[in-house]
Amino acid sequence: MSRIFRKSADTWLRVIMLLAAVALVAGVGLLVAGAASNVTTRENIAPVQPVPFSHRHHVGGLGIDCRYCHAAVEVSASAGLPPTETCMTCHSQLWTDADLLAPVRQSWAERTPIHWARVHNLPDFAYFDHSIHVSSGVGCVECHGNVDEMPLTRQAENLRMRFCIDCHDDPAPRLRPREAVFDMDWTPPPDRRALGERLVERYGIDTDDLTHCYICHR
Amino acid sequence: MTRLGLLILAILLVAACEQEMNEQPKYEVYETADLFPDGIVNQKPQPGTIALGDLERRAALDERPPLTPALLQRGRERFDIYCAPCHGAAGYGDGMIARRGFPDPPSYHTDRLRARPARYFVQVITQGVGDMYSYATRVEPADRWAIAAYIKALQLSQRVKADRLPPDVKPAAAPASPTDGEDGP
């Protein structure tokens, strides 16, 4: 009776099994890395904008307060992006022939909004609210980083669930007085936890159920 | 056995109902809305609509609130956000944006503007004046009164005689006050 398998078949089988194992490990590794990479989380990515708006220039350089442009941030869930009118309060007189600002003037003349590319975007199943964080003394810096140093806006944190929970679990050491929420260079006192614990008391923050799923998934 | 088969079938059926949880069929504030011709989620209200709280806001615009330390505090905060970039922290018209070439705003410390009542400042914030746009969309009526009260306080602060200051803020060598007037707001 002739042999069914050639002599080399055994070697081939081993090689194929080895390759399959490598592929499996690599595949799982890629999935895990992909989920954590900033292509998925958008961390540190600055999308191309219709106008290269610079927070470094306007906030760091000119010292304009966040609320001059993001006027809703203290009272609503969404911080709000400035309407063209807000740019025009200054650019009706300043840099009026700059090519960079042509889309702003066009938007104003034609009454069509500027389409800013979103920098942050939580998935729809996660709920977020700015106003409660502002009134509880959570600074913009905690989640958006040093916006005043960004020539183009990018997402400073990964904004995974872990990031939110880490603070909700124990907010005290990351709180600041309400007056300092918009301050990009606030220096905390040496004992920040002690301050935070006083603030938890003063602002009536309920720390018991902040990590419950229904807080963010509703 | 049939029970188990049905169960497995049911599970498979449920699994087949893929619901996109990341991008759900609902509109968030800044998404594009295919439903409307201009593609904007935040549609303008129909003409004549009265939004919740509009009546209170309108009433707040007409009536001057009582002067309290809290009102001045609020006024100072709002002034520093929305007005100081051009008018300067003390109201001399020397803010950062003016220094960068915006047409110079007038100083608040002139006889003409000192003579204006608080209501005039509320009106300027609401309607704008000359090169200055209206701030009505960003400054609530109650806050407009707060800013007006703070401007009146600023005007007063530049004319108080040094010997009338409380001891804890009195400067060591007080410069002579520019005028003798002590007209209140």
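The values are calculated or read from the model by the stated rules, or taken from the named source; none is laboratory data. What you see is a predicted model, and the numbers here were worked out from it, not measured in a lab. Please note: Cβ atoms are built from the backbone with ideal geometry, for glycine as well, and neighbour counts cover all protein chains shown. Side chains included, ligands, DNA and RNA excluded: accessible areas come from the protein's heavy atoms. Shrake-Rupley method; radii C 1.70, N 1.55, O 1.52, S 1.80 Å.
Selection of the stretch A:93-112 for residues being in contact with a Ser or Thr (Cβ under 9 Å, 6 or more places away or on another chain) and either more than 21 Å from A:Ala46 (Cβ to Cβ) or small (Gly, Ala, Ser) (or both) yields A:Arg105, A:Gln106, A:Ser107, A:Trp108, A:Arg111, A:Thr112. Among the conditions (1) under 25 Å from A:Leu159 (Cβ atoms); (2) among the small types (Gly, Ala, Ser); (3) surrounded by 16 or more Cβ atoms within 10 Å (Cβ to Cβ), A:Ser107 misses just one, which is (1).
Please verify whether B:Arg64 is at pLDDT below 95 and either over 14 Å from the mean Cα position of the chain (by Cα) or not in a loop (DSSP other than H, G, I, E, B) (or both), treating the condition exactly as stated. Against the criterion (at pLDDT below 95 and either over 14 Å from the mean Cα position of the chain (by Cα) or not in a loop (DSSP other than H, G, I, E, B) (or both)), B:Arg64 qualifies. Can you name every residue in the stretch B:1-25 that is assigned to a loop (DSSP other than H, G, I, E, B), modelled with pLDDT of 80 or more and either β-branched (Val, Ile, Thr) or open to solvent by 90 Å² or more (accessible area, probe 1.4 Å) (or both)? Selection gives B:Met21, B:Glu23, B:Pro25.
When A:Gly63 is tested against (1) at positive phi; (2) open to solvent by 90 Å² or more (accessible area, probe 1.4 Å), only condition (2) is not met. Within the stretch A:180-218, being under 28 Å from A:Arg56 (Cα atoms), without any contact (Cβ under 8 Å) to a residue 40 or more places away in the chain and surrounded by 13 or more Cβ atoms within 10 Å (Cβ to Cβ) holds for A:Pro188, A:Arg192. Could you tell me whether the stretch B:48-57 includes any residue that is in a helix (DSSP H, G or I) and surrounded by fewer than 10 Cβ atoms within 10 Å (Cβ to Cβ)? No: the stretch B:48-57 contains no residue that is in a helix (DSSP H, G or I) and surrounded by fewer than 10 Cβ atoms within 10 Å (Cβ to Cβ). Residue check: A:Pro123 meets all listed conditions (1) farther than 19 Å from A:Thr41 by Cβ; (2) within 14 Å of chain B (Cβ to nearest Cβ); (3) open to solvent by 40 Å² or more (accessible area, probe 1.4 Å) but one, namely (1).
B:Ala33 falls short on exactly one of the conditions (1) touching a strand residue (DSSP E or B) at 6+ places or on another chain (Cβ under 7 Å); (2) touching a residue at least 12 places away in the same chain (Cβ under 8 Å), and that condition is (2). Kindly provide the set of residues from the stretch A:16-49 that are open to solvent by less than 60 Å² (accessible area, probe 1.4 Å) and touching a residue at least 12 places away in the same chain (Cβ under 8 Å), ordered by number. Across the stretch A:16-49, the qualifying residues are A:Thr41, A:Glu43, A:Ala46, A:Pro47, A:Gln49.
Out of all the residues in the stretch A:141-158, is one or more more than 23 Å from A:Gly63 (Cα to Cα) and of a type in the set (Gly, Ala, Ser)? It would help to see each step written out before you state the result.
Initially, the stretch A:141-158 is screened for residues more than 23 Å from A:Gly63 (Cα to Cα), giving A:157-158.
Those still in the list that are of a type in the set (Gly, Ala, Ser) too: none.
Scanning the stretch A:141-158, I find no residue that is more than 23 Å from A:Gly63 (Cα to Cα) and of a type in the set (Gly, Ala, Ser), so the answer is no.
The residue list B:Arg144, B:Arg116, B:Arg112 contains one member that is over 25 Å from A:Cys66 (Cα atoms) and part of a helix (DSSP H, G or I), which is B:Arg112. The listed residues are B:Ala70, B:Ala90, B:Ala153, B:Ala142, and the only one of them that is hydrophobic (A, V, I, L, M, F, W, C), touching a residue at least 12 places away in the same chain (Cβ under 8 Å), open to solvent by 50 Å² or more (accessible area, probe 1.4 Å) and away from chain A (no Cβ under 12 Å) turns out to be B:Ala142. Of all residues in the stretch A:126-146, those satisfying the criterion of being within 14 Å of another protein chain (Cβ to nearest Cβ) and either in a loop (DSSP other than H, G, I, E, B) or free of Cβ contacts under 8 Å to residues at least 12 places away in the same chain (or both) are A:Ala126, A:Tyr127, A:Phe128, A:Asp129.
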